[in-house]
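The values are calculated or read from the model by the stated rules, or taken from the named source; none is laboratory data. Predicted, not measured: the structure shown is a model, and the values here were computed from it. Here the Cβ is made from the backbone with ideal geometry for all residues, glycine too, and neighbour counts use every protein chain on show. We work out accessible area using only protein heavy atoms, side chains counted, and drop any ligands, DNA or RNA first. Shrake-Rupley method; radii C 1.70, N 1.55, O 1.52, S 1.80 Å.
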Amino acid sequence: AYEARAPTATTDRACAALTSCYPGTFVFLDATTSSNRVCRNCTLGLTYQPASNQPVCLPLPGCTSTEYQTTPPTITSQATCAALRVCLAAEYASTASTPTSNRVCAPLSTCEGAA
């Protein structure tokens, strides 16, 4: 708690509960004996914070070059990544992967009458 109103000769001091900086935010200014804490939002797509009352937002890691994103990040969570499919020797990549989609593999055709 902090002192929201100082006492006077005719009134008691008033105390107030501290604001909680919820997941997706961080403590921008700490509370003092006479002021509440100030929270700020994390930056969507750049930072996140999964816990309450933390001093900073965390940088968002990206998926690796062998992964694609299955769930986008939020201000409270990282993106979810999954491994890219690896085409087998008898397959080719019929659809290339994108940052948010897996590659599609298709079987190679067989040439009839080939020696």
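Among the residues making up the stretch 64-115, a single one is among the acidic types (Asp, Glu) and part of a loop (DSSP other than H, G, I, E, B): GLU112. Inside the stretch 69-89, residues that are out of contact with any Ser or Thr (no Cβ under 8 Å at 6 or more places or on another chain), farther than 27 Å from THR43 by Cβ and open to solvent by less than 70 Å² (accessible area, probe 1.4 Å) make up a count of 1. Just name the residue that is nearest to ILE75 (Cα to Cα) out of those in the stretch 1-15 that are in contact with a Ser or Thr (Cβ under 9 Å, 6 or more places away or on another chain) and open to solvent by less than 70 Å² (accessible area, probe 1.4 Å). The qualifying residue nearest to ILE75 (Cα to Cα) is TYR2. Within the stretch 16-68, restricting attention to residues that are without any contact (Cβ under 8 Å) to a residue 12 or more places away in the chain and under 20 Å from GLU3 (Cβ atoms), which residue is least open to solvent (accessible area, probe 1.4 Å)? This residue is LEU29.
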